[in-house]
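Working notes, structure below.
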Amino acid sequence: MKKLISVQMVDYLERRGVEYIFGLCGHTVIGFLDALSKSEKLQYISFRNEQLAAMAADGYARIKKKAGVVMCHLGPGLTNVITGVANASFDSIPMVVIAGDVPRYYYGKHPHQEVNMHADGSQYEMLRPIVKRAWRVDDAEAMPEILDKAFRLAESGRPGPVLISVPMDVFSVEIEEDLFARTYRDSHETIKPALAPSAAKSIARKLIEAKNPVIHAGGGVLLADASQELAELVEFLDIPVSRTLMGQGCLSDKHPLMLGQTGFWGLEFTHQFTANADVLLGLGTRFAEADSSSWYPGVTFDMNKTEFLQIDIDPAEIGRNYPVSIGAVADLKEALAQILDEAKKLKPEGISKPELRQMIKEKRESFKQDNVAISEDNRFPMTPQRILKDVKESIPEDSLIFTDVGWNKNGVAQQFDITLAGSIHHSSGLATMGFGASALIGGKLAAPEKAVITLVGDGGFGINPSTLATAVEQNIPVIWIVMNNAAFGTIAGLEYANYKTKFGTVFTTPDGEPYSPNWAAVAKAYGVEALKIESAEEFKPALEQALSSNKPFLLDVPMENIPVPTPGCWNINDIYTPKQNISNGKVVKNEQGEYVVPSHSTSHK
């Protein structure tokens with residue numbers, strides 16, 4: 001029996017367990033929308049911009065650990081969706097994008113909204129650099145096979161987005177139901193590789209024999225759902241753990257072996273361990289610039305002192321930025337359990353380092369104590385530290401937090417303790433403004449029983465506040481906390497530090513007065529309950545009100561623009577304001593506490 005492709009696609013998505021499709025309409029996808037309208041299992045979540053739809057699908061996928069599904073139109077639909085898809089790609093988030101296209105028989109004839117500057121029928125290739133694979137469905141009968149391939153590829157290996165470009169006439173083609181028969185037999189899970197037994201044994205031996213081992217954990221630990229396995233291994237061998245931004249929550253920030261974050265916005269105490277480790281095992285991390293202090297030797301890591309071991313699901317990441325003595329491709333959940341088994345054979349009694357745990361405890365308490373005064377300060381606009389303290393004291397421990405860009409991400413990762421794996425989500429690879437304000441919509445749909453908030457700057461929220469409309473239309477009770485410093489605060493601080501100006505980074509009226517939209521009033525205009533905070537004492541009760549409302553709620557919180565402490569190195573500072581004797585050579589600290597290199601090294605000119 002023949003049925004429309006659009007109808008059979010909806011049937012496939014239902015059987016695949018897809019719950020939501022995030023998107024924005026256009027004339028090329030109305031056939032698909034018609035089929036969706038008749039589904040009793042699939043819910044369509046409409047946005048006012050495709051970027052927001054992609055970021056919401058991203059947020060959903062981070063919680064559900066399966067592909068979020070995005071639907072978009074051609075032309076401006078594709079150009080708008082690019083940033084959201086790229087954000088998911090860089091953070092290894094699975095996603096399937098279904099994009100409408102021009103009819104097959106009109107390729108290259110300038111049909112409405114077609115982009116064909118370099119080749120006919122090629123506009124879907126705009127997404128090729130940022131997806132794992134892009135298909136254009138020229139043969140309607142190939143759709144069943146492409147759908148299976150798309151979901152499997154998105155969710156296997158290093159997860160990421162894929163694109164299916166569907167010419168609008170294909171949605172309206174009828175094909176035999178039997179062509180979808182293979183999709184009833186295909187499994188929906190790809191088993192990931194474990195470590196070779198010899199590699200597991202070698203890694204365990206190196207960790208046991210090392211004098212100063214460190215495990216450096218990235219977001220791959222969370223993607224693999226391997227937090228419990230990580231905890232069991234480090235507790236058996238008493239190995240301290242550092243983490244990346246994306247790795248926050250892989251081990252509780254209060255765990256006695258957690259050193260904290262590395263890199264630009266890491267902790268000096270953490271760097272004392274990571275830069276002096278004799279053996280360092282990297283787990284699910286790319287050793288990217290922000291986490292590695294621009295790769296300056298001796299700041300965060302030092303290949304001259306440290307033997308690097310690395311496990312990742314993506315072979316392209318092994319040894320990319322640091323040479324490895326053992327590099328292995330494996331699923332971290334399987335790999336960590338294997339290493340622990342080998343460690344128990346080699347060292348049945350385990351390793352105990354009470355003095356190490358005590359040192360970590362004291363250093364962490366000292367760092368917390370240094371921030372008490374500013375965290376309890378009543379001045380207004382509020383300090384970011386005070387905002388974070390009040391949030392921590394108000395929200396349930398298992399709340400889902402989506403950050404954005406600036407203090408609300410960098411400061412949170414540095415100073416806000418996360419104790420449950422998977423409860424905080426950052427945009428790391430692309431560091432996209434506007435991520436948190438949309439991703440929380442998908443997060444709430446994935447976990448309706450949890451409180452879901454975003455910590456977002458006014459610059460990031462202002463990128464596209466129309467996500468408010470979606471929350472009202474669908475009655476999605478999420479909370480936006482707009483940390484409002486009337487600026488692109490991080491860049492303002494960076495520019496001022498190097499050039500003593502904040503040109504182009506702060507929001508002002510023509511006469512130079514600070515300016516910020518009244519985001520609470522904007523939210524109310526959308527139909528969202530909202531409050532503009534007028535004093536530091538008002539914020540915590542307002543947040544408690546928002547949590548108990550069970551409605552979409554926005555808090556506009558005026559905030560002082562205080563730079564996030566930056567213990568690590570960032571090469572851009574040396575580019576913009578070259579210091580004498582600064583180079584890519586060995587870096588040490590001078591008497592002023594600045595990172596410099598010995599005077600015999602080549603200086604920048």
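The values are calculated or read from the model by the stated rules, or taken from the named source; none is laboratory data. Computed from a predicted structure; not experimentally measured. Glycine also receives a Cβ, built like all others from the backbone with ideal geometry; neighbour counts cover every protein chain displayed.
Got a sec? Which of VAL115, VAL162 is farther than 23 Å from GLU317 by Cα and either modelled with pLDDT under 95 or surrounded by 16 or more Cβ atoms within 10 Å (Cβ to Cβ) (or both)?
Step by step, each of VAL115, VAL162 is checked, and only VAL115 is farther than 23 Å from GLU317 by Cα and either modelled with pLDDT under 95 or surrounded by 16 or more Cβ atoms within 10 Å (Cβ to Cβ) (or both).
What's the number of the only condition in (1) at positive phi; (2) part of a strand (DSSP E or B) that PRO558 fails to meet?
It fails just one condition, (1).
Being in the same structural domain as PHE380 (by TED's automatic domain parsing) and among the charged types (D, E, K, R), is that true of even one residue in region 562-575?
No, region 562-575 contains no residue that is in the same structural domain as PHE380 (by TED's automatic domain parsing) and among the charged types (D, E, K, R).
Return the residue satisfying two criteria in turn: it lies in region 13-26 and is outside any loop (DSSP other than H, G, I, E, B) and under 30 Å from LEU430 (Cβ atoms), and of such residues it is nearest to the chain's Cα centre (by Cα).
In this case the residue turns out to be PHE22.
Kindly indicate which of LEU332, LEU336, LEU280 is more than 17 Å from PRO193 (Cα to Cα) and assigned by TED's automatic domain parsing to the domain that holds LEU223.
Residue meeting the stated conditions: LEU280.
Quick one: which of ASP398, ASP417, ASP377 is at pLDDT 95 or above, touching a Ser or Thr at 6+ places or on another chain (Cβ under 8 Å) and under 18 Å from GLY443 (Cβ atoms)?
Of the residues listed, the single one that is at pLDDT 95 or above, touching a Ser or Thr at 6+ places or on another chain (Cβ under 8 Å) and under 18 Å from GLY443 (Cβ atoms) is ASP398.
Determine which single condition ALA525 fails, assuming it passes every other condition in (1) crowded, with 16+ Cβ neighbours inside 10 Å; (2) under 30 Å from LYS551 (Cβ atoms).
Answer for ALA525: the failing condition is (1).
Identify all residues within region 128-179 that are under 28 Å from the mean Cα position of the chain (by Cα) and among the β-branched types (Val, Ile, Thr); write none if there are none.
Of everything in region 128-179, those that are under 28 Å from the mean Cα position of the chain (by Cα) and among the β-branched types (Val, Ile, Thr) turn out to be ILE130, VAL131, ILE146, VAL162, ILE164.
Would you check if LYS444 is among the charged types (D, E, K, R), in a loop (DSSP other than H, G, I, E, B), touching a residue at least 24 places away in the same chain (Cβ under 8 Å) and at negative phi?
no
Taking region 91-113 on its own, how many of its residues are closer than 19 Å to ASP169 by Cβ and touching a strand residue (DSSP E or B) at 6+ places or on another chain (Cβ under 7 Å)?
7
Which residue pairs have Cβ atoms closer than 8 Å, lie 6 or more positions apart in sequence or on different chains, and pair a first residue in region 228-252 that is aromatic (Phe, Trp, Tyr) with a second residue that is in a loop (DSSP other than H, G, I, E, B)?
PHE236/GLY350; PHE236/ILE351
Taking region 165-223 on its own, how many of its residues are in a loop (DSSP other than H, G, I, E, B), modelled with pLDDT of 95 or more, surrounded by fewer than 22 Cβ atoms within 10 Å (Cβ to Cβ) and touching a Phe, Trp or Tyr at 6+ places or on another chain (Cβ under 9 Å)?
Number of matching residues: 1.
Do you know which residues across region 273-305 are surrounded by fewer than 23 Cβ atoms within 10 Å (Cβ to Cβ) and hydroxyl-bearing (Ser, Thr, Tyr)?
Scanning region 273-305 gives a single hit, SER294.
Test GLY298 against the criterion of being over 20 Å from the mean Cα position of the chain (by Cα) and farther than 16 Å from HIS271 by Cα, and give yes or no.
So GLY298 fails the test.
Take region 225-238 and flag every residue that is assigned to a loop (DSSP other than H, G, I, E, B) and buried (at least 24 other Cβ atoms within 10 Å of the Cβ).
Answer for region 225-238, where residues must be assigned to a loop (DSSP other than H, G, I, E, B) and buried (at least 24 other Cβ atoms within 10 Å of the Cβ): just ALA226.
I'd like the full set of residues that are surrounded by fewer than 24 Cβ atoms within 10 Å (Cβ to Cβ) and more than 25 Å from SER548 (Cα to Cα), limited to region 426-452.
GLY429, LEU430, ALA431, MET433
Would you mind listing the strands (runs of 3 or more DSSP E) fully within region 39-122 where at least 1 residues are farther than 20 Å from ALA446 by Cβ and touching a residue at least 60 places away in the same chain (Cβ under 8 Å)?
Qualifying strands (runs of 3 or more DSSP E): 95-101.
Among the candidates GLY568, GLY512, single out the residue that is buried (at least 18 other Cβ atoms within 10 Å of the Cβ), at pLDDT below 95 and either in a loop (DSSP other than H, G, I, E, B) or of a type in the set (S, T, N, Q) (or both).
Result: GLY568 is the single residue among GLY568, GLY512 that is buried (at least 18 other Cβ atoms within 10 Å of the Cβ), at pLDDT below 95 and either in a loop (DSSP other than H, G, I, E, B) or of a type in the set (S, T, N, Q) (or both).
Could you list, in sequence order, the residues of region 447-505 that are in a loop (DSSP other than H, G, I, E, B) and acidic (Asp, Glu)?
GLU449
Give me the pairs, please: first residue somewhere in region 357-375 and more than 26 Å from PRO213 (Cβ to Cβ), second residue anywhere and surrounded by 15 or more Cβ atoms within 10 Å (Cβ to Cβ), beta-carbon distance under 7 Å, and either six or more positions apart or on two chains.
Going by the 7 Å Cβ cut-off, the qualifying pairs are ASN371/GLN385; ASN371/GLN415; ILE374/THR383; ILE374/GLN385; SER375/GLN385; SER375/ARG386; SER375/LYS389.
Does at least one position in region 479-488 carry a residue that is of a type in the set (Val, Ile, Thr), in contact with a strand residue (DSSP E or B) (Cβ under 6 Å, 6 or more places away or on another chain), buried (at least 24 other Cβ atoms within 10 Å of the Cβ) and under 22 Å from LYS65 (Cα atoms)?
Scanning region 479-488 turns up no residue that is of a type in the set (Val, Ile, Thr), in contact with a strand residue (DSSP E or B) (Cβ under 6 Å, 6 or more places away or on another chain), buried (at least 24 other Cβ atoms within 10 Å of the Cβ) and under 22 Å from LYS65 (Cα atoms).
Might you check whether a residue that is buried (at least 17 other Cβ atoms within 10 Å of the Cβ), modelled with pLDDT of 60 or more and either touching a helix residue (DSSP H, G or I) at 6+ places or on another chain (Cβ under 6 Å) or part of a loop (DSSP other than H, G, I, E, B) (or both) occurs anywhere in region 544-552?
yes
Applying the selection to region 8-47, what residues are of a type in the set (A, V, I, L, M) and either touching a Ser or Thr at 6+ places or on another chain (Cβ under 9 Å) or buried (at least 18 other Cβ atoms within 10 Å of the Cβ) (or both)?
Across region 8-47, the qualifying residues are MET9, VAL10, LEU13, VAL18, ILE21, LEU24, VAL29, LEU33, ALA35, LEU36, LEU42, ILE45.
Kindly indicate which of LEU555, LEU543, LEU531, LEU547 is under 29 Å from TYR496 (Cα atoms) and of a type in the set (A, V, I, L, M).
LEU555
Among (1) touching a strand residue (DSSP E or B) at 6+ places or on another chain (Cβ under 6 Å); (2) buried (at least 22 other Cβ atoms within 10 Å of the Cβ), there is one condition VAL324 misses while meeting the rest; what is its number?
Answer for VAL324: the failing condition is (2).
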